[in-house]
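In what follows, a structure is listed as structure tokens, so that the remarks can point back to it.
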Amino acid sequence: MKTNSVSEPSRLATIATLVLASLCFLAAPSHAVAAELLIGRLGSLKSPIASPSTVASAEGFDLYLKRVNDAGGVNGQKLRVIFKDDEFKPPMVIANAVELIEKDKVLALVLPQGTPGTAGLIKEGVLTSSQIALIGPFTGDSKVLSSINTFTLRSTYEDEITALARQMKAVGQKRIAYFYYNISQGPLFAPVFEKIIKDAGLEYAGAVGFDINPTEETQTALVEQAAAKVAALKPDAIFTFAVGPTFPMAMRSLLGAVGKGVTRYTFSINNWEGLIKKIGVPESAGVVFSQAVPYPYANNRQIVREYQSDVKKLAPDQKINFAGLEGYMTAKVLVEALRRAGAKPSREKVLNSLLTLGRYDLGDHVVNYSAAQRRVEPAVDVTIIGGDGKLRK
């Protein structure tokens, strides 16, 4: 009887080698599979000031990306977000942005929260040296929003205050005070606010600031003392520039100091739902907010209808809100820039796409980007918290 020249162990080893080779071949990346388009997102989940807008804007941003990725991506390539928490600290914003650019090789940066960190990126030349676009910064500071390589989706603080001044005048308020936290943009914005109020034909009553203290009891006392001083100015209306934990304190203290007969105003950077959650409906009712992006609870603008439809279809548990819509619009602008950048986008190509975008209508909300300007055509809504806890235009 003739025996097999290959032993059984050798035969099994050969089969195993062939199987392993087949598996390796199947697991190896195919040149037919497109590379991902990497996007760097900034913000903080740890900071009580930045966390609410970081979460909400990211939900809206990811919602639009899901819609695009489900349809095959941009030019056949899927988008993926890399997020790094900067704790709302400017040095960390800069360090995270550099890491996203140099290590992760992202094509664009999106949704940084607040003025100080974004201003730091601009001052340190991170954006220009890397030829990268920064899209959708969550600030209304006009100097930041007009900086090269920065592309806004919102109106400026100046646009917001101008709209509020028109509202004040329309309802017969004449004497206007400025109430602010004595850090960051609070004191810096005082002369800008004064000029806008006077240009509107209103009387500027004066400004009162309060210092920041890490102890809640001391902070409350500081705000209440300042509220008493602003009440002494006898204003018809008070605009407050304060964010984070001091904003609800300011609204509560002002109500106690001036009563319901004096209207409390603030701007879009503050969250109306967060205010109600912190101090309740009775003390929040009557607070007026300017809004730098479209009102998301109606359906009179195309971009809002689109956003609402995608929430309903793709993320029914997601809450509709201003920051969510802002994130959604940011993603829409980014996708358009990537599409125009072609099949092999680079940071430079994406940036150039935005710098040559021109007047672009997202759906009844218009941005206008060029090398000379990067702005939104102002469309500020004025809203008020009703006695039922709902926000109305």
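The values are calculated or read from the model by the stated rules, or taken from the named source; none is laboratory data. As the structure is a computational prediction, the values presented were derived from the model and not from experiment. Using ideal geometry, Cβ is built from the backbone for each residue, glycine included, and neighbour counts are taken over all protein chains shown.
If you go through segment 302-329 and pick out every residue that is over 24 Å from T150 (Cβ atoms) and either in a helix (DSSP H, G or I) or touching a residue at least 60 places away in the same chain (Cβ under 8 Å) (or both), you end up with 14. On the basis of being crowded, with 24+ Cβ neighbours inside 10 Å, under 14 Å from the mean Cα position of the chain (by Cα) and farther than 13 Å from I303 by Cβ, does A337 make the cut? Taking the combined requirement at face value, the residue does not satisfy it. Among the residues of segment 183-208, those identified as closer than 23 Å to R252 by Cα and either outside the structural domain of A250 (by TED's automatic domain parsing) or out of contact with any helix residue (DSSP H, G or I) (no Cβ under 9 Å at 6 or more places or on another chain) (or both) are I183, G186, P187, A190. For first residues located in segment 93-110 and without any contact (Cβ under 8 Å) to a residue 40 or more places away in the chain, partners that are small (G, A, S) and in a helix (DSSP H, G or I) and lie 6+ apart or on another chain with Cβ distances below 7 Å form the pairs I94/G120. Here R347 fits the description: in contact with a helix residue (DSSP H, G or I) (Cβ under 9 Å, 6 or more places away or on another chain), charged (D, E, K, R) and within 28 Å of V126 (Cα to Cα). Take S253 and decide whether it is crowded, with 21+ Cβ neighbours inside 10 Å, in a loop (DSSP other than H, G, I, E, B) and not assigned by TED's automatic domain parsing to the domain that holds D141. Spelling it out, it is not the case that S253 is crowded, with 21+ Cβ neighbours inside 10 Å, in a loop (DSSP other than H, G, I, E, B) and not assigned by TED's automatic domain parsing to the domain that holds D141.
Return the only residue of I82, I101 being surrounded by fewer than 17 Cβ atoms within 10 Å (Cβ to Cβ), modelled with pLDDT of 95 or more and of a type outside the set (D, E, K, R). Exactly one residue qualifies, and that residue is I82. Entry remark, segment 275-296: residues being within 23 Å of the chain's Cα centre (by Cα) and within 17 Å of Q219 (Cβ to Cβ) number 2 in total.
Scanning segment 256-287 for residues that are surrounded by fewer than 20 Cβ atoms within 10 Å (Cβ to Cβ) and β-branched (V, I, T) yields I279, V281. Where helices (runs of 4 or more DSSP H) sit wholly within segment 66-183, those with at least 2 residues that are over 19 Å from the mean Cα position of the chain (by Cα) and within 22 Å of A242 (Cβ to Cβ) occupy 157-170. Please tell me if K234 is at positive phi, touching a residue at least 12 places away in the same chain (Cβ under 8 Å) and not in a strand (DSSP E or B). In short, yes. Do we find a residue being over 19 Å from the mean Cα position of the chain (by Cα), without any contact (Cβ under 8 Å) to a residue 12 or more places away in the chain, surrounded by 14 or more Cβ atoms within 10 Å (Cβ to Cβ) and in the same structural domain as L127 (by TED's automatic domain parsing) anywhere in segment 368-390? Within segment 368-390 (the criterion being over 19 Å from the mean Cα position of the chain (by Cα), without any contact (Cβ under 8 Å) to a residue 12 or more places away in the chain, surrounded by 14 or more Cβ atoms within 10 Å (Cβ to Cβ) and in the same structural domain as L127 (by TED's automatic domain parsing)), the answer is no, since none of the residues qualifies.
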